[in-house]
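Shown next, in structure tokens, is the structure this report addresses.
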Amino acid sequence: MTNIAPSLARQALRIGARRYPSTSFARFSPTVTSTVGGHIRTYVSETKPSNATVNVDTTIQADKSAFLAQSGKRPQDATMPTTGMSADAMMSPAAGILKQATIMDEGTRPIYLDMQATTPMDPRVVDAMLPFMTGLYGNPHSRTHAYGWETDQAIEQARAHIADLIGADPKEIIFTSGATESNNMSIKGVARFFKRGGKKNHIITSQTEHKCVLDSCRHLQDEGFQVTYLPVQNNGLVDMAQLEAAIRPETAIVSIMTVNNEIGVIQPMEEIGQLCRSKKVYFHTDGAQAVGKIPIDVNKMNVDLMSISGHKIYGPMGIGACYVRRRPRVRLDPIISGGGQERGLRSGTLSPPLAVGMGEAARICKEEMQYDHTRISRLSNRLLEGLLAMEHTTLNGDRERHYPGCVNVSFAYVEGESLLMALKDIALSSGSACTSASLEPSYVLRALGSSDESAHSSIRFGIGRFTTEEEIDYVLKAVRERVSFLRELSPLWELVQEGIDLNTIEWSQH
Ligand SMILES: Cc1ncc(COP(=O)(O)O)c(C=O)c1O
Ligand code: FES
């Protein structure tokens, strides 16, 4: 923090893509700038909560249509609670609930605080990608001419940056389409390899994993595998004694995520790695929310396979990587077959712009991790202290073993979805993200032992590289005002204010 150079670079970044000093945007200005705008604009549709009772889906659809129709003509600032207003009224200049978006002056949109869903691309990443979308278009697998050689060389450099970020050898990095594919590839690949040998048919994972890990395991159950879904403790962490007890002679792989995407807790990686190694079981970790944010060393952690995502580290969407250990060698069946690219583990032509973008994103993360982490911690503490100073609010997940960029808080006596609706000037996600298909509250919070009520009243705040102190202060003020507003409407809150213990009330059934 004593070095002011990074902060100057950041200032430059924040001024906007068109004025970022070393950028080549200027050369491509008219089309490329709008491409960047288009990309950034996509994260408006990332907020997809739903709720049967208040019909959030319908409201959000209406908001989305209105937003897209008015794109570029949105009003400035406001502080009024918005519950009960129609979508049209909310978008009207008089209501003025949308605030100036602060990243790269691409119009007025909500403040972006949904960094676990995706991170905005760093302009330096876009810069590195551009030549590979124009002049450098060779197929990196073409061996017979310069077009192939130059894109191949760039991809290998990108691979080295990613390897460097996690302490791996570049040969151990396999490019994929994202963490979802890497998770599928690791878990299904290892399981199927062992099944062929007929020896091991058991998998261990935890109840708080990302859906793509849980669903890969479910598919393997259909193929005859046995799966243990380990419970977690109230703080969201895996209990090491329980994990050890779950390991059997037939266990092929343990898959436990590094940082949880809903609550930000960091699992005890070194302990899990050590245990797995001593039991000769492969250790896979979903590192989508961890890599680039906290220091990772696959050797220190004894990780055998690790999933990484490009768009969670300020790189492009549609690319990821899978770390696959070479010594001792990890054996797995590929899930995508074909031309044998990526050491035969993932066939298909690689995308040079995407790979280069992810490589540059990894390079920047490594170089600026300490700076980013210090800054994000400061903003996170400011937010958390402010939120916890309100009555009846609690942090979900362990406070110490925690990535500060993910703050998940329960606001008792407020419905999470109603609060999201009241905070339309902030792009957030509800910790209780039920889908329209299932009305269950968050399975992650339920696994922590939260009550349905508490899970339903949770909001996740995602802080990232481009979040500012002013944004945090705005969010704090907005949350304070609107939580009070919603609580005033709640009959339960009224009872609590009268000093009545809600647990003593006998509710009539109907
Ligand atoms: C923990 C975790 N794993 C996997 C994924 C999926 O990543 P991708 O979008 O790269 O497929 C995500 C992103 O939503 C995530 O947060
Ligand atoms: S209604 Fe599903 S989480 Fe709130």
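The values are calculated or read from the model by the stated rules, or taken from the named source; none is laboratory data. For clarity, every value in this text was computed on a predicted model and none was experimentally measured. FYI the Cβ positions are ideal-geometry reconstructions off the backbone, even for glycines, and counts take in every protein chain you see. Accessible surface is based on the protein model in full, side chains and every heavy atom, while ligands, DNA and RNA are left aside. Shrake-Rupley method; radii C 1.70, N 1.55, O 1.52, S 1.80 Å.
General observations
- Verdict on Leu220 being open to solvent by less than 20 Å² (accessible area, probe 1.4 Å), closer than 13 Å to Ala447 by Cβ, of a type outside the set (Val, Ile, Thr) and over 19 Å from the mean Cα position of the chain (by Cα): no
- Top-ranked residue of the range 259-285 - restricted to ones that are in contact with a helix residue (DSSP H, G or I) (Cβ under 6 Å, 6 or more places away or on another chain) and open to solvent by less than 10 Å² (accessible area, probe 1.4 Å), ranked as nearest to ligand 1 (Cβ to nearest atom): His284
- Looking only at residues of the range 337-362 that are free of Cβ contacts under 8 Å to residues at least 40 places away in the same chain and surrounded by fewer than 19 Cβ atoms within 10 Å (Cβ to Cβ), we find that the one that is farthest from Ala252 (Cα to Cα) is Gly348.
- Once the range 121-144 is narrowed to residues that are part of a loop (DSSP other than H, G, I, E, B) and among the β-branched types (Val, Ile, Thr), the residue that is farthest from the chain's Cα centre (by Cα) is Thr144.
- Looking across Val444, Val407, Val414, one residue alone is in contact with a Phe, Trp or Tyr (Cβ under 6 Å, 6 or more places away or on another chain) and in contact (Cβ under 8 Å) with a residue 24 or more places away in the chain. It is Val407.
- Residue satisfying condition, being of a type in the set (Gly, Ala, Ser), within 11 Å of ligand 2 (Cβ to nearest atom) and not assigned by the TED database to the domain that holds Thr208, within set Gly405, Gly416, Gly386: Gly416
- Hey, Ser410 in contact with a strand residue (DSSP E or B) (Cβ under 9 Å, 6 or more places away or on another chain) and away from ligand 1 (no atom under 16 Å from the Cβ) or not: yes
- Listed by first and then second residue, the pairs linking a residue in the range 229-250 that is at positive phi to a residue that is of a type in the set (A, V, I, L, M, F, W, C) and in a loop (DSSP other than H, G, I, E, B), with Cβ atoms under 8 Å apart and 6 or more places separating them unless they lie on different chains, are Gly236/Ile263; Gly236/Leu448.
- In the range 449-483, residue farthest from Cys406 (Cα to Cα) [restricted to those that are touching a helix residue (DSSP H, G or I) at 6+ places or on another chain (Cβ under 9 Å) and within 16 Å of ligand 1 (Cβ to nearest atom)]: Gly464
- Pair list, Cβ < 8 Å and 6+ apart or interchain, from the range 265-277 residues that are at pLDDT 95 or above to residues that are in a helix (DSSP H, G or I): Pro268/Met240; Glu271/Met240; Ile272/Met240; Ile272/Leu243; Leu275/Met240; Leu275/Leu243; Leu275/Glu244
- Yes/no for Glu262 being of a type outside the set (A, V, I, L, M, F, W, C), touching a strand residue (DSSP E or B) at 6+ places or on another chain (Cβ under 9 Å) and closer than 26 Å to Leu428 by Cα: yes
- Scoring Ser142 on the criteria (1) in contact (Cβ under 8 Å) with a residue 60 or more places away in the chain; (2) open to solvent by 10 Å² or more (accessible area, probe 1.4 Å); (3) not charged (D, E, K, R) leaves a single failure, condition (1).
- Residue satisfying all of: in the range 363-397; of a type outside the set (A, V, I, L, M) and within 18 Å of Ser457 (Cα to Cα); most open to solvent (accessible area, probe 1.4 Å) among these: Glu391
- Verdict on Ile313 being free of Cβ contacts under 8 Å to residues at least 60 places away in the same chain, crowded, with 24+ Cβ neighbours inside 10 Å and assigned by the TED database to the domain that holds Asn183: no
- Residue in the range 179-198 that is assigned to a helix (DSSP H, G or I) and of a type in the set (Asp, Glu) present: yes
- Among the residues of the range 228-252, those that are surrounded by fewer than 18 Cβ atoms within 10 Å (Cβ to Cβ) and among the aliphatic types (A, V, I, L, M) comprise Met240, Ala241, Ala245, Ala246.
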